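Inspection log for the structure reproduced underneath, given as structure tokens.
The values are calculated or read from the model by the stated rules, or taken from the named source; none is laboratory data. Computed from a predicted structure; not experimentally measured. Note that we place each Cβ from the backbone using ideal geometry, even for glycine, and neighbour counts take in every protein chain shown. The area values use the complete protein model at the heavy-atom level, side chains included, leaving out ligands, DNA and RNA. Shrake-Rupley method; radii C 1.70, N 1.55, O 1.52, S 1.80 Å.
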Amino acid sequence: MTRVAVVGAGAVGGVIGVRLAAAGHETSVLARGATLAAIRAGGWRLHTKDGTIVADKVTASDDPAVLGPQDVVFLTVKAHALPGLAPGLAPLLGPDTVVVPALNGVPWWFFDGLGGSYDGLRLRAVDPDGSVAGALGTHHILGCVVHLSANVPAPGEVRLTAGDGLILGEPGGGDSERLRRTAALLDGFTVTRSNRIQRDIWYKLWGNMTVNPISALTGATADKILDDELVNGFAHAVMLEAAAIGARVGCPIEQSPADRNAVTRRLGAFKTSMLQDAEAGRPIELDAMLTAVREIAVAVGIPTPSLDALLGVTRLAARERGLYPLP
């Protein structure tokens, strides 16, 4: 039996955690507040189109020391929460623990093992003081890209609305034994093993980095953003800049912005994760999704006037609403 811990009992964490527990794995969750109380009192619940799964044997705590060393740890918190959280996760880690960061945006380890001129580049936007890299060494990491939609209707409950895809990959590439083992652990998901996970991360970011902040700015669902000719044209300009950055660092994009947005359009009138956070008064994941991309652009010498404008206006609007820290 595999010992698995999920750090963060939100939407993605709930889908992964409940399914792993239901499959019989020894599952723990690091949670807090009302969510922790709900899981302890009534189990962790996942609602799908086929019914409700209740995981009532999950060990839930707000103290990593109570959970102890794990075989696999899934990080499913918001990216901006990780610098404050990571140093306290040491009790979950043994020498061979696999850490799977299922986060939005550019992760702190993105340039570890990527190769080329920028291999090992540190990103202050997502790891300002190096505390995340210090606590979660890249030797523990398996990269992950999440392709599913879920929400949290109540503490301790998650509703899966679409998708079940996960892409996993080693930071340095290759098809390792631990990659195969972790993929097998996620039976029930549609799991793809990637030979260059950074390219998959960049591709997902390419589709999210415009619609997410624009939705937080405007309150509009994705379909309305794509339907507005001027707004969609601006989004295309940002995406072209991001594609140029990706090509420079070894993560080329072969599609056009119009091709990528056609995929988004098929999802219909959905609220992005950033819009959901903004409406709930929660901090938004702006640094992982835009600030880090601008930092990379500066490092590789690519001008990004459109990206800069989107970052600037979104950051200012978020600060005025208390959704992004003041400088």
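Structural remarks
- Count of residues meeting criterion [small (Gly, Ala, Ser) and closer than 10 Å to Ala65 by Cα] in the range 84-100: 2
- Qualifying residue in the range 52-66 (condition: closer than 19 Å to Gly13 by Cα, free of Cβ contacts under 8 Å to residues at least 40 places away in the same chain and touching a Ser or Thr at 6+ places or on another chain (Cβ under 6 Å)): yes
- Flag for Ile214 being over 30 Å from Val73 (Cβ atoms) and touching a Gly at 6+ places or on another chain (Cβ under 6 Å): no
- Annotation note: Cβ proximity below 9 Å between a residue of the range 204-219 that is of a type in the set (Phe, Trp, Tyr) and a residue that is assigned to a helix (DSSP H, G or I) (sequence gap 6+ or interchain) occurs for Trp206/Met239; Trp206/Ala242; Trp206/Ala243; Trp206/Gly246; Trp206/Pro257; Trp206/Arg260.
- Criterion: under 10 Å from Gly156 (Cα atoms) and touching a strand residue (DSSP E or B) at 6+ places or on another chain (Cβ under 8 Å) - qualifying residue of Leu36, Leu67: Leu36
- Exclusive hit being under 28 Å from Val126 (Cβ atoms) and over 24 Å from the mean Cα position of the chain (by Cα), set Ala41, Ala86, Ala65, Ala79: Ala65
- Remark: pairs (first residue in the range 143-161, more than 26 Å from Gly33 (Cα to Cα) and in contact (Cβ under 8 Å) with a residue 40 or more places away in the chain; second residue aliphatic (A, V, I, L, M) and open to solvent by less than 40 Å² (accessible area, probe 1.4 Å); Cβ separation under 6 Å; 6+ apart in sequence or on different chains) = Gly143/Ile197; Cys144/Val100; Cys144/Ala102; Cys144/Leu168; Val145/Ile167; Val145/Ile201.
- Residue within the range 98-117 that is of a type outside the set (A, V, I, L, M, F, W, C), without any contact (Cβ under 8 Å) to a residue 60 or more places away in the chain and surrounded by fewer than 15 Cβ atoms within 10 Å (Cβ to Cβ) present: yes
- Some residue of the range 53-60 being open to solvent by 30 Å² or more (accessible area, probe 1.4 Å) and within 21 Å of the chain's Cα centre (by Cα): no
- Cβ-Cβ contacts under 6 Å between residues 6 or more apart (or on different chains), taken from a first residue in the range 241-262 that is farther than 14 Å from Val211 by Cα to a second residue that is polar (S, T, N, Q) and buried (at least 21 other Cβ atoms within 10 Å of the Cβ), are listed as Glu241/Thr304; Cys251/Gln198.
- Filtering Thr218, Thr264, Thr210 for residues that are under 17 Å from the mean Cα position of the chain (by Cα) and of a type in the set (Val, Ile, Thr) leaves a single hit, Thr210.
- Counting only helices (runs of 4 or more DSSP H) that sit wholly inside the range 44-159, those with at least 1 residues that are of a type in the set (Val, Ile, Thr) are 64-67, 131-135.
- Matching option when the condition is touching a helix residue (DSSP H, G or I) at 6+ places or on another chain (Cβ under 7 Å), hydroxyl-bearing (Ser, Thr, Tyr) and under 30 Å from Pro325 (Cα atoms), among Ser28, Ser61: Ser61
- For the range 286-303, filtering for residues that are open to solvent by 10 Å² or more (accessible area, probe 1.4 Å) and within 18 Å of Ala102 (Cα to Cα) leaves 1.
- Of all the residues in the range 270-312, those that are part of a loop (DSSP other than H, G, I, E, B), touching a residue at least 40 places away in the same chain (Cβ under 8 Å) and farther than 23 Å from Ala244 by Cα number 7.
- Pick from the range 61-76, criterion closer than 11 Å to Ser28 by Cα and of a type in the set (Gly, Ala, Ser), ranking: surrounded by the fewest Cβ atoms within 10 Å (Cβ to Cβ): Gly68
- Test: residue in the range 268-278 that is of a type outside the set (A, V, I, L, M, F, W, C), under 27 Å from Val6 (Cβ atoms), touching a strand residue (DSSP E or B) at 6+ places or on another chain (Cβ under 6 Å) and open to solvent by less than 20 Å² (accessible area, probe 1.4 Å): no
- Pairs where the first residue, in the range 77-91, is surrounded by 15 or more Cβ atoms within 10 Å (Cβ to Cβ) and the second is aromatic (Phe, Trp, Tyr), C-beta under 8 Å, 6+ apart: Leu82/Trp108
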